[in-house]
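A.B. asks: If you scroll down you'll find the structure; I have some questions about it.
The values are calculated or read from the model by the stated rules, or taken from the named source; none is laboratory data. Just so it is clear, the structure is predicted and the values come from calculations on it, not from any experiment. Backbone-built Cβ (ideal geometry, glycine too); neighbour counts: all protein chains shown.
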Amino acid sequence: MNLRKIFKYFFSDIIRSKWIPVYTVLLFALTSGIIYFSRDGQKAFISLLNIALYLVPLLCLIFGSVYNYNSREFVEMLLTQPVTRRSVFLGQYLSLGLSQTAGFVLGMILPLFIYDFSINAALLLAAGIFLIFIFNGFALLVSNMVNDKVKGVGILIAVWLFFAVFYDGLMLFMFYYFADYPLEKTTIIASSLNPVDVARTFIMLRLDMSALFGYTGAVFKKYFGSGAGIYVSLLILHLWMIVPSFFASKKFKRKDF
Amino acid sequence: MSALKAGIILAAMCLMLFSESRSAVIRVGMSGKFTDVADAVNSASDGDRIVIEKGIYFVSGLNINKKIILEGEQDAVLDGSFLKEIITVTSDSVIIKNLTLRNSGTSYVSDLAAIRLENVKHCALENNVVENSFFALYLSSSSDCKISGNRIAGNSVSESFSGNGIHLWKCSGVTISDNTVSGMRDGIYLEFSTNGEISGNTSFGNLRYGLHFMFSEGNSYTSNTFRNNGAGVAVMYTKKITMNFNRFEDNWGANSYGLLLKDIDNSLIYGNVFSGNTAGIYAEGTNRVNILNNTFEKNGWALKVLGNCYEDTIRYNRFSNNTFDVSTNTSKNANLFLNNFWDKYKGYDLDNDKKGDVPYRPVSLFSLVVERVPEAVVLTGSFLVELLDAAEKIIPVFTPETLVDNSPLIEERGR
């Protein structure tokens, strides 16, 4: 049995679980509601950005881990077949990521494209896909490490809080306590280490808020707008995607079912 | 009695006839008496009218010291060949109109201009086109002159190697109206000039300021448009300025603003539109200024009011879609904010008097953080920042307690 077949089984299992349709409808309702009720395009876009950056990863973590806990028997059954654990893991990871990407595209990007087809929407799409795969990696990592479902979900919520809130809090703390020092480089490094911040900074700079940033903005724009900055950020996003899922697969390969 | 009356009328008619005969029309060009503008001016006397026909004339260092009218027909071009000033006016009541002037000299010792008015009264510069000059129209120690309908286009590259579009030095009672200035250092510049009226001008794409005031009391500027200038409009060290119905647009960039107020007292800013500027108004040392009925939209900061501003009134303005509405660097507030419309206001109006029942605090915690540490601006839009701002709005701890609109408007006033 090859990877494609395993992927197909997982994918159809996920679709059948009604999570993805509900997720899609939820995103669709939120997106079209925001676009419909907000009179101003830029404001609507910032609200959508918040959904893509904060809500989508949270749903990823919860859905990914809960699905992994619930499909334990299915995985055990699959493992009785002559298949490698690697292909089972990859099948599960890819089908989780791709099904959620499909929901994200249908629910959020499609209405956004219909309303305003722009490079911003494309950037939002790219950011969303990266975040979906990154946080699915985390979901699988934790759910393969911790057998208790409640504990696992709790840890994942802490992971989400770290990336969404605490990390920025630490940055704010750093800004405040080291205000007397030149902080441009540190800021660039700090904000390119957190995938949520990378996505946000990219899109905020695109929205031409760079002028607000004054001198710092010029430094930022130069970094994130130039080739090197883009490649480094993409590299970091890829690392965030690969590293947790790599450890998750390692855990999965040694897991005693 | 009637004989006397008839005598007076007759005398008056004679006088008119006499003055009419004295005011000759001198044509310069292929079909005219002269082919050189300077020769024509030399031969003219007070009250004459010099009409310049179509063509390119090389004119440099021309001094007009008599009361004449210098007028161009279509496509009459005076070219300064980058040598000296093109025209210097040293007589009262000179009118220069419908001419195209280009290529004045450039000097870093004296401020060479296309047309300079030096110590004169009642002159007029109308509907001229000035291209590629160092300074364009330069008025020095002159009064009661009129500058209208001129089109000035420069191609300045750096601030230190370029001059201003319309430059007033120690002037009074000058009217500047319906001019278009672009690509200069400062579009319109006033220093030590009083009681001027500046209206209907468009100043865009200038390197430094669209309009620049220094030590110039009692001027008013109305219905002008300042767009896409290096740093917007600067009004400095002045009092009694009236700024009504202007548009400040797209002055966007690091260290840029729509309107910079520095050491301004007793002035009125009414009915202006600030749109798409990095900072709509940046006020420093601004006292007893009324900022009323203005619209602030799509600015980075709508208002930056520093701690050394006292007794300013900010009332009936409309704030929408600004990243920050008001920012300040102090915890005290000595200005009045009342009855403005804030799009971020989330209060209610139970008694239906169109005014919110809950006060609005336009300074967000995050704007204070950014004021202190500019780098923190990268956190704009972060979930944490929104949480902090929401918490601060409910229980203000860090934001200035008294900087509050106690009665914000619920509905937008007509645009």
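A.B. asks: From the set of residues in the stretch B:347-363 that are in contact (Cβ under 8 Å) with a residue 12 or more places away in the chain and among the charged types (D, E, K, R), which is nearest to residue B:321 (Cα to Cα)?
C.D. replies: Taking the candidates together, the pick is B:361.
A.B. asks: I would also like to ask the following. Name the residue that is nearest to residue B:243 (Cα to Cα), counting only residues in the stretch B:256-288 that are surrounded by 24 or more Cβ atoms within 10 Å (Cβ to Cβ) and over 18 Å from the mean Cα position of the chain (by Cα).
C.D. replies: B:286
A.B. asks: What is the number of the single condition among (1) within 10 Å of the chain's Cα centre (by Cα); (2) away from chain A (no Cβ under 14 Å); (3) in contact (Cβ under 8 Å) with a residue 40 or more places away in the chain that residue B:208 does not meet?
C.D. replies: So the condition that residue B:208 fails would be (1).
A.B. asks: Still on this structure, please answer the following. Count, please, the residues in the stretch B:173-205 that happen to be over 16 Å from residue B:235 (Cα atoms) and either of a type in the set (A, V, I, L, M) or crowded, with 21+ Cβ neighbours inside 10 Å (or both).
C.D. replies: 7
A.B. asks: Hey, could you check the stretch B:205-250 for residues that are part of a loop (DSSP other than H, G, I, E, B) and of a type in the set (Lys, Arg) and say which is farthest from residue B:317 (Cα to Cα)?
C.D. replies: The first filter runs over the stretch B:205-250 and keeps only residues part of a loop (DSSP other than H, G, I, E, B), leaving B:205-210, B:215-219, B:223-224, B:228-232, B:240-241, B:245-246, B:250.
Now drop any that are not of a type in the set (Lys, Arg), which leaves B:208, B:240.
Details: B:208: 27, B:240: 21 Å.
Within the stretch B:205-250, the match that is farthest from residue B:317 (Cα to Cα) is B:208.
A.B. asks: Moving to a separate point now. Part of a loop (DSSP other than H, G, I, E, B) and at pLDDT below 85: does that describe residue B:4?
C.D. replies: Working: part of a loop (DSSP other than H, G, I, E, B): no; at pLDDT below 85: yes.
So residue B:4 does not fit the description; no.
A.B. asks: Which condition number does residue B:81 fail, the rest of (1) crowded, with 18+ Cβ neighbours inside 10 Å; (2) touching a Ser or Thr at 6+ places or on another chain (Cβ under 7 Å); (3) modelled with pLDDT under 85 being met?
C.D. replies: (1)
A.B. asks: Restricting the search to the stretch B:374-395, which residues are in a loop (DSSP other than H, G, I, E, B) and either away from chain A (no Cβ under 12 Å) or among the β-branched types (Val, Ile, Thr) (or both)? Show your work before the answer.
C.D. replies: Applying the first criterion (in a loop (DSSP other than H, G, I, E, B)) to the stretch B:374-395 yields B:380-382, B:395.
Matches in the stretch B:374-395: B:380, B:395.
A.B. asks: For the stretch B:327-348, how many residues meet the condition of being over 15 Å from residue B:286 (Cβ atoms) and either within 13 Å of chain A (Cβ to nearest Cβ) or in contact with a His (Cβ under 9 Å, 6 or more places away or on another chain) (or both)?
C.D. replies: So the answer is 2.
A.B. asks: Of the conditions (1) farther than 21 Å from residue B:395 by Cα; (2) within 14 Å of chain A (Cβ to nearest Cβ); (3) of a type outside the set (Phe, Trp, Tyr), residue B:351 clears all except one; give me its number.
C.D. replies: Condition (2) is where residue B:351 drops out.
A.B. asks: Right, something else. Among the strands (runs of 3 or more DSSP E) contained in the stretch B:104-182, which hold 1 or more residues that are in contact (Cβ under 8 Å) with a residue 60 or more places away in the chain? Before you say what the answer is, go through the steps one by one.
C.D. replies: Working: elements: B:113-118, B:124-126, B:129-131, B:135-140, B:146-148, B:151-153, B:166-169, B:175-177, B:180-182.
By residue number, no strands (runs of 3 or more DSSP E) qualify.
A.B. asks: Just to be sure I understand, how many residues within the stretch A:107-135 are closer than 23 Å to residue A:68 by Cβ and surrounded by fewer than 18 Cβ atoms within 10 Å (Cβ to Cβ)? Can you show your working first?
C.D. replies: Quick first cut of the stretch A:107-135, residues closer than 23 Å to residue A:68 by Cβ only: A:107, A:128-135.
Filter again for surrounded by fewer than 18 Cβ atoms within 10 Å (Cβ to Cβ), leaving none.
Here the count works out to 0.
A.B. asks: Does any residue of the stretch B:317-326 turn out to be touching a residue at least 60 places away in the same chain (Cβ under 8 Å), polar (S, T, N, Q) and not in a loop (DSSP other than H, G, I, E, B)?
C.D. replies: To start, the set of residues in the stretch B:317-326 that are touching a residue at least 60 places away in the same chain (Cβ under 8 Å) comprises B:318, B:320, B:326.
With the extra rule that they be polar (S, T, N, Q), the set shrinks to B:320.
So of that shortlist, the ones also not in a loop (DSSP other than H, G, I, E, B) come out as B:320.
Yes, the stretch B:317-326 contains a residue that is touching a residue at least 60 places away in the same chain (Cβ under 8 Å), polar (S, T, N, Q) and not in a loop (DSSP other than H, G, I, E, B).
A.B. asks: Of the residues B:350, B:403, B:368, which single one is out of contact with any Leu (no Cβ under 6 Å at 6 or more places or on another chain), surrounded by 19 or more Cβ atoms within 10 Å (Cβ to Cβ) and in a loop (DSSP other than H, G, I, E, B)? Step through it out loud before you land on a result.
C.D. replies: Details: B:350 fails: surrounded by 19 or more Cβ atoms within 10 Å (Cβ to Cβ); B:368 fails: in a loop (DSSP other than H, G, I, E, B).
Being out of contact with any Leu (no Cβ under 6 Å at 6 or more places or on another chain), surrounded by 19 or more Cβ atoms within 10 Å (Cβ to Cβ) and in a loop (DSSP other than H, G, I, E, B) holds for just one of B:350, B:403, B:368, which is B:403.
A.B. asks: A follow-up question, please. How many of the residues in the stretch B:94-119 are surrounded by fewer than 17 Cβ atoms within 10 Å (Cβ to Cβ) and among the small types (Gly, Ala, Ser)?
C.D. replies: 2
A.B. asks: Tell me, please, whether a residue that is facing chain B (nearest Cβ under 8 Å) and surrounded by fewer than 21 Cβ atoms within 10 Å (Cβ to Cβ) can be found in the stretch A:195-205.
C.D. replies: No, the stretch A:195-205 contains no residue that is facing chain B (nearest Cβ under 8 Å) and surrounded by fewer than 21 Cβ atoms within 10 Å (Cβ to Cβ).
A.B. asks: Could you tell me whether the stretch A:162-185 includes any residue that is within 14 Å of chain B (Cβ to nearest Cβ), exposed (fewer than 15 other Cβ atoms within 10 Å of the Cβ) and among the basic types (Lys, Arg)?
C.D. replies: Within the stretch A:162-185, one or more residues are within 14 Å of chain B (Cβ to nearest Cβ), exposed (fewer than 15 other Cβ atoms within 10 Å of the Cβ) and among the basic types (Lys, Arg).
A.B. asks: If you check B:366, B:324, which single one turns out to be within 19 Å of residue B:293 (Cα to Cα) and within 11 Å of chain A (Cβ to nearest Cβ)?
C.D. replies: The conditions single out B:324.
A.B. asks: Give just the number: which of (1) modelled with pLDDT under 90; (2) surrounded by 23 or more Cβ atoms within 10 Å (Cβ to Cβ); (3) among the hydroxyl-bearing types (Ser, Thr, Tyr) does residue A:143 not satisfy?
C.D. replies: Unmet for residue A:143, out of (1) modelled with pLDDT under 90; (2) surrounded by 23 or more Cβ atoms within 10 Å (Cβ to Cβ); (3) among the hydroxyl-bearing types (Ser, Thr, Tyr): (1).
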